[in-house]
1. Could you calculate the FRET efficiency of Arg103 with Asp15 from 1/(1 + (r/R0)^6), where r is the beta carbon distance between them and R0 is 22 Å, rounded to 0.05?
2. ³J(HN,Hα) across segment 25-35 via Karplus (A = 6.51, B = -1.76, C = 1.60, θ = phi - 60°), whole Hz, x for Gly/Pro?
3. Whose amide H sits under 5 Å from the amide H of Val58, counting only residues 5 or more places off or on another chain, with H placed in the peptide plane?
4. Report, ordered by chain and residue number, the aspartates and glutamates lying within cross-link reach of Lys90, taken as a straight Cα distance under 20 Å and ignoring same-chain residues fewer than 8 apart.
5. Through the Karplus equation 6.51 cos²θ - 1.76 cosθ + 1.60, θ set to phi - 60°, convert the phi angles of segment 56-61 into ³J(HN,Hα) values in whole Hz; use x for Gly and Pro.
6. Are there chymotrypsin sites (Phe, Trp or Tyr not before Pro) in segment 68-112 that DSSP marks as loop and that have at most 16 other Cβ atoms within 10 Å, and which are they?
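No value in this document is a laboratory result; all are computed from the given coordinates. Quantities reported herein were computed from a predicted structural model and do not represent experimental measurements. Quick reminder, even Gly has a Cβ in these numbers, built from the backbone with ideal geometry, and neighbours come from all protein chains shown.
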Amino acid sequence: MKEIKAYVRPDRIDDVILALEAKGVQGMTVIDVYALAGWTDPRRTSYSTKYVEKYGKVVKLELICSATDVETMIETIRSAASTGHPGDGKIFVADIYDAVSIRTGKRGYEAI
């Protein structure tokens with residue numbers, strides 16, 4: 001299993017979600033966040049006096065998929081989120097050792 005975390009522009013998240021659902025993704029987590037990074041949209045950044053950094057609003061998307069589906073998910077997110085401008089976001093992929101359903105006790109990919 002793989003965990004995909006993607007940070008995308010707020011105005012692109014609807015297209016990303018629709019594209020992932022079209023690929024059969026059953027569930028994902030979508031969270032509004034602020035990113036303190038050089039890869040935020042330079043046209044929509046603010047400055048923090050506490051951190052003396054620029055930050056911008058982005059949307060964090062998290063999903064779990066099988067290892068065989070990870071490249072499809074990455075390309076689906078990338079193509080739906082891309083505007084071709086700085087600040088389009090990032091995608092990170094990590095291994096998931098196990099998953100457990102609290103209600104059923106199922107483990108692994110079955111738990112998802």
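1. Numbers: r = 32 Å, r/R0 = 1.46.
Efficiency, rounded to the nearest 0.05: 0.10.
2. Each residue's phi maps through the Karplus curve to give 5, 8, x, 7, 10, 10, 9, 6, 9, 10, 9 Hz.
3. When sequence neighbours closer than 5 places are left aside, the close amide H contacts are Val33, Tyr34, Ala35.
4. List returned: Glu3, Asp11, Asp14, Asp15, Glu21, Asp32, Asp41, Glu53, Glu62, Asp69, Glu71, Glu75.
5. In residue order, the calculated couplings are x, 6, 9, 10, 9, 10 Hz.
6. Tyr97
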